[in-house]
Amino acid sequence: MSKNLKLKAARAERDMTQKALADAAGVSRQTINAIEQGEYNPTIKLCLTICRVLGKTLDELFWEDEEDETL
């Protein structure tokens, strides 16, 4: 699993810290960090919550482009 730079960029656009996003999404800061580092695969429910908080779609934040995938 690759790092989620899209999530980090979207959070930065909103000038949100990991803690602020975590609080808004109802999870720990460590969970947000793990998602951004590619160490944790969030549930679809959490993905949707994060998207709602950041005003983004699932595709914008969590869909991996084909060229991003390694076989």
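Using heavy atoms of the protein chains and a probe of 1.4 Å, the accessible area assigned to Lys19 is about 110 Å².
Calculated from the alpha-carbon coordinates, region 5-62 shows an Rg and a Dmax of 9.7, 24 Å respectively. Once both labels are positioned 7 Å from their Cα atoms along Cα-to-Cβ, the gap between Asp23 and Arg52 label points is 1.9 nm.
Among Leu48, Gly38, Phe62, whose Cα sits farthest toward the positive end of the charge dipole of the chain (+1 at Cβ of Lys/Arg, -1 at Cβ of Asp/Glu, about the Cα centre)? Value: Leu48. In the context of the full protein assembly, Leu58 retains an accessible surface of approximately 60 Å², using a probe radius of 1.4 Å and ignoring ligands and nucleic acids.
Could you tell me the calculated FRET efficiency between Glu39 and Asp15, based on Cβ-Cβ distance and R0 = 35 angstrom, to the nearest 0.05?
0.90
Can you give the net charge of the other residues whose Cβ lies under 15 Å from the Cβ of Gly55, counting K and R as +1 and D and E as -1? Cβ neighbours under 15 Å give a net charge of +1.
The values are calculated or read from the model by the stated rules, or taken from the named source; none is laboratory data. Values in this document were obtained by computation on a predicted structure and should not be read as measured data. All Cβ positions, glycine included, derive from the backbone under ideal geometry; neighbour counts span all protein chains shown. Side chains included, ligands, DNA and RNA excluded: accessible areas come from the protein's heavy atoms. Shrake-Rupley method; radii C 1.70, N 1.55, O 1.52, S 1.80 Å.
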